[in-house]
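Coordinate-derived values only; no laboratory data. Here the structure is a predicted model, which is why all the values come from computation and not from measurement. With ideal geometry, Cβ positions are generated from the backbone for all residues, glycine too; neighbour counts draw on all protein chains shown.
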Amino acid sequence: MKRNLFTLFIAFTLIFVLSVPVFAGTKGMKTDHWSQKYIDELSLKHDISPIFNGKNLNAFITAEDFQKAIRLFIDEDYEGIPDSVAREAIVYEFTRLWASKAGTSLDEIMTIQMLIYVDTDKIDAKYNHAITVAYMQDIARGRGQGIFDPKTNTTYGELATLVYFTDKAISKSLQEEAPSIVEGKLETRASHKISNGKVVFDFELMSHHTQPVELMFSSGQQFEITITDESGTEVYRYSDGKFFTMALVYKTINPGESLKWQDEWDMTNKDGEKLTSGNYKAVINVLALSESENEKIDDSELTAAIEFTIN
């Protein structure tokens, strides 16, 4: 009799264990899934159990759970629905939402003219531009080894990751749009694009003064650009190998106007090697002085920094 009871106890225990979902009833339990760290981060802000509890993170999402995730983390009034749960359609929708929250037009965003993924030809033309923007904004970076895998359905682990990085990209964009204008100051603004194997820098010195500002440059060189790699090694300096006139140059900036410049870097380092990958930082310094001996321009007004990636 005792043996029969023991057998029944073991059988009942096995049935109970096998019937419990991965996350259900195990609050705080960790897994070794690659997306767990993003799920942990999301759980600090919201109750994510309605979406992720009981789910196999490698299982494919439903359109209903996608909508729940968007309403919970990005837009509580979201009523849209993706064309499908394929990776290309889901990344497109996340990128569209980012652009809307950032106050920009997705279609008007300039993208890098490079082959990001080896399977780009498999991406539907409707989604291709958005997927490139998603790469540039660190919303989605593919599956590694240059593969995007556009037609495969999105998993719950990927959904958590996309929510995390889209929310982060939105926050970053809104911070960048915060007013930084201080009346009575100059401001150096800079942007970049990667095109035809070159990094093109566009930058300007903007005046927030209420009166014209008289500037002086001590030579024909009006700016300097230095680019360093992740280790801090200088790979490019604008003035290297150039000669400039030694005559003084005078410029006037009227209120609300700016002086503009452009420079190109061909991605070649100081050893003449073509760089094909890596993270870099460009620091732009406008070499202007106030024409008035009684006024000094703060270095922060004449400097801008850009971080970018070559892939």
### Query
Counting other C-beta atoms within 10 Å, which of Leu259, Leu159 has the fewest, and how do the rest follow?
Leu259, Leu159
### Message
For the pair Thr120/Arg143, report the inter-label distance in nm, with labels modelled 7 Å from Cα in the Cβ direction.
### Response
1.9 nm
### Task
Express in % the proportion of alpha carbon pairs of region 231-311 at distances exceeding 17 Å.
62 percent
### Task
With an 8 Å cut-off on Cα pairs and a minimum separation of 6 or more residues, tell me the relative contact order of the chain in percent.
15 percent
### Task
Highest first, please rank the peptides 85-96, 141-152 by the mean number of other Cβ atoms sitting within 10 Å of their residues.
85-96, 141-152
### Task
Kindly provide the helix-only [θ] at 222 nm of the chain, computed as the sum of -39,500 (n - 2.57) over DSSP H runs of four or more divided by all residues, to the nearest 500 deg cm²/dmol?
-9000 deg cm²/dmol
### Query
Using mean Cβ contacts within 10 Å as the protection proxy, how do 68-76, 239-247, 163-171 order, highest first?
163-171, 68-76, 239-247
## Note on the structure
Ranking Gly157, Ala134, Thr210 by how far each Cα lies towards the positive end of the charge dipole of the chain (+1 on Lys and Arg Cβ, -1 on Asp and Glu Cβ), the top one is Gly157
### Query
Between Glu264 and Ile109, what FRET efficiency comes out of the Förster formula 1/(1 + (r/R0)^6) with R0 = 25 Å and r the beta carbon distance, rounded to 0.05?
0.75
### Query
Taking Lys242 as the anchor, which lysines have their alpha carbon closer than 21 Å to its alpha carbon, excluding any fewer than eight residues away along the same chain?
Lys198, Lys260, Lys270, Lys274
### Task
Report, largest value first, the span of the C-alpha coordinates of the chain along each principal axis, in whole Å.
106, 44, 39
### Message
Using a Förster radius of 45 Å, what is the FRET efficiency between Asp75 and Phe244 based on their Cβ-Cβ separation? Nearest 0.05, please.
### Response
0.30
### Task
Give me the percent of Cα-Cα pairs in region 82-231 that sit more than 28 Å apart, rounded to a whole number.
36 percent
